[in-house]
Amino acid sequence: MVDSTGRDATGTPYPTVPLTPMTVPAHEAEARSKAFHDVMAQRRTVRHFATRPIPDGVVEWAVRTAGEAGRPGAAGR
């Protein structure tokens, strides 16, 4: 896991991605938001899972990504 210093347990710096703001015209922003809504409205919960194993590294990165999702300014370290 990554601690508050931005390094993992081995001391390796956690990779960051600089934010590059994107500006789109208002009509395009509205069309994109409607398209996103339409996709999300079709989303369903999955209760059937594959039996094949998932590599530990994939699970670790998924957890890291989820952990960063709710942190304001996490990319600005």
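Rule-based calculations on the coordinates, nothing more; no lab input. Since we're looking at a predicted model, the values are computed, not measured. Cβ: placed from backbone, ideal geometry, glycine included. Neighbour counts: every protein chain shown.
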Sort out which residues of segment 12-57 are surrounded by 10 or more Cβ atoms within 10 Å (Cβ to Cβ), assigned to a helix (DSSP H, G or I) and either aliphatic (A, V, I, L, M) or in contact with a helix residue (DSSP H, G or I) (Cβ under 7 Å, 6 or more places away or on another chain) (or both), and write them in order of number. Ala29, Ala31, Ala35
Which of the residues spanning segment 19-64 are β-branched (Val, Ile, Thr) and more than 30 Å from Gly6 (Cα to Cα)? Val24, Val39, Thr45, Val46, Thr51
